[in-house]
Amino acid sequence: MWLGTAFLFWQHYKNESGQSFASAAAKTANSVVNIYTFTNQTSPFNHSSSQKITNLGSGVIISEDGYVLTNHHVIQGASTVIVSLNDQRQTRAQIIGTDPATDLAVLKVNLDNLSPISLGDSDQLMVGDQILAIGNPFGIGQTVTAGIISAKGRDSIGLNTYENFLQTDAAINPGNSGGALVDLTGKLVGISSAIYSSSGGSQGIGFATPINDAISIMRSIIKNGSVIRGYLGLQVQENNPQVALALNLPIERGLIVTSIVPLGPADKAGIRAGDILTSIEKRTDLSAHDAQQLVSNLKPGESISIMGIRGTQSFITQALVEKLPAMQAVEQ
């Protein structure tokens, strides 16, 4: 009897696990869209205007009223954006706003009976969790690939100004950009963004923006038309024993100021290149990435306390945070 019961449980588990990908894919199929963009071109001979398909990608329906998340690079420079749904409907989309610093964009479509995706919690993901990537690779149509979360918090890839990528080995190819990364319950946990490849095709290293970050960006774009970030106008690198020894620095920690934007908030606060920042708003354990995130999350007009060392003398100063200028995306 025990053997029979154990066999039935094993068989049930086997059936459930075999259907798990299909269930998640079915739940999300109508929430993932194909995106086609057009740009206006003028003939050099008769100056007549024509349209040409210049890009294709994917997007995810987030709300019943038609907001769609995708990548900035998918719709960059487009004069017309067409969204194609899984039920074969097509419509022109309005570009609500984009955020090049995180490579995200928000579109709006005016259609009834949309199927918004269920949102997951990307903070709860663990390395090794199984996920699916759903998108429109190479424009061949909606495609589902499976993999795992390979890493979290990738922030030194060099793709975006602000990076906090999920890494996955699920096959992500050109055209997947802006598509969905979902867990096995069909909940959205990321927006597929890029691949790391020497050939242009998938090599088992793909990156996605965590959905918690993406939703925050989306809400800011919908509310303000853009993302408002804090700005100090400086660049830093992390100090460590090797750097301190090479540069003969008095301490082996902190952030070394490598450049200052003239007349920026840090410059006005008296901070100079070569200073070592030991504390920002009482945070003493900041990496360069942490400092960037901390500053970007501050509101313009806030006054913050910064402690540092210049030469052998310590100092403390107050800096007035400003709004990140559009052309200063790489500065903190």
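The values are calculated or read from the model by the stated rules, or taken from the named source; none is laboratory data. Computed from a prediction, not measured in an experiment: that's the story for all the values here. Cβ sites come from the backbone with ideal geometry, for glycine too, and all protein chains shown count toward neighbours. What goes into the accessible areas is simple: the full protein's heavy atoms, side chains included, and nothing from ligands, DNA or RNA. Shrake-Rupley method; radii C 1.70, N 1.55, O 1.52, S 1.80 Å.
Within the stretch 247-274, being over 31 Å from the mean Cα position of the chain (by Cα) and either assigned to a loop (DSSP other than H, G, I, E, B) or in contact (Cβ under 8 Å) with a residue 24 or more places away in the chain (or both) holds for N248, L249, P250, I251, E252, K268, A269, G270, R272, G274. Out of D65, D103, one residue alone is without any contact (Cβ under 8 Å) to a residue 60 or more places away in the chain and of a type in the set (D, E). It is D65.
Among residues of the stretch 91-127 being of a type in the set (S, T, N, Q) and within 13 Å of G66 (Cα to Cα), the one that is surrounded by the most Cβ atoms within 10 Å (Cβ to Cβ) is S115. Cβ separations smaller than 8 Å between residues 6+ apart or across chains give the following pairs from the stretch 107-128 residues that are free of Cβ contacts under 8 Å to residues at least 40 places away in the same chain to residues that are open to solvent by less than 70 Å² (accessible area, probe 1.4 Å): M126/I149; V127/I148; V127/I149; V127/S150; V127/A151; G128/I148; G128/I149. Taken over the stretch 223-249, residues that are surrounded by fewer than 13 Cβ atoms within 10 Å (Cβ to Cβ) and touching a strand residue (DSSP E or B) at 6+ places or on another chain (Cβ under 9 Å) amount to 4. When D267, D275 are checked against the criterion of being closer than 24 Å to N248 by Cβ and either out of contact with any Lys or Arg (no Cβ under 9 Å at 6 or more places or on another chain) or open to solvent by less than 30 Å² (accessible area, probe 1.4 Å) (or both), a single residue qualifies: D275.
Could you check how many residues of the stretch 174-192 are outside any strand (DSSP E or B) and either in contact with a strand residue (DSSP E or B) (Cβ under 7 Å, 6 or more places away or on another chain) or open to solvent by less than 10 Å² (accessible area, probe 1.4 Å) (or both)?
Step one: of the stretch 174-192, the residues outside any strand (DSSP E or B) are 174-179, 183-186.
Now narrow it down to the ones that are either in contact with a strand residue (DSSP E or B) (Cβ under 7 Å, 6 or more places away or on another chain) or open to solvent by less than 10 Å² (accessible area, probe 1.4 Å) (or both): 175-179, 183-184, 186.
Within the stretch 174-192, residues that are outside any strand (DSSP E or B) and either in contact with a strand residue (DSSP E or B) (Cβ under 7 Å, 6 or more places away or on another chain) or open to solvent by less than 10 Å² (accessible area, probe 1.4 Å) (or both) number 8.
For the stretch 99-109, the criterion of being farther than 27 Å from S296 by Cβ and not in a strand (DSSP E or B) is met by at least one residue. Determine, yes or no, whether K268 is of a type in the set (D, E, K, R) and at pLDDT 95 or above. Criteria met by K268.
When every residue of the stretch 132-142 is checked against the conditions, at least one turns out to be open to solvent by 40 Å² or more (accessible area, probe 1.4 Å), part of a loop (DSSP other than H, G, I, E, B) and of a type in the set (A, V, I, L, M, F, W, C).
When G153, G147 are checked against the criterion of being in a strand (DSSP E or B) and surrounded by fewer than 17 Cβ atoms within 10 Å (Cβ to Cβ), G153 stands alone in meeting it.
Of the set (1) of a type in the set (A, V, I, L, M, F, W, C); (2) open to solvent by 70 Å² or more (accessible area, probe 1.4 Å); (3) at pLDDT below 95, all apply to M307 but (3).
Considering the stretch 201-215, and only residues there that are modelled with pLDDT under 90 and open to solvent by 10 Å² or more (accessible area, probe 1.4 Å), the residue that is nearest to V227 (Cα to Cα) turns out to be I205.
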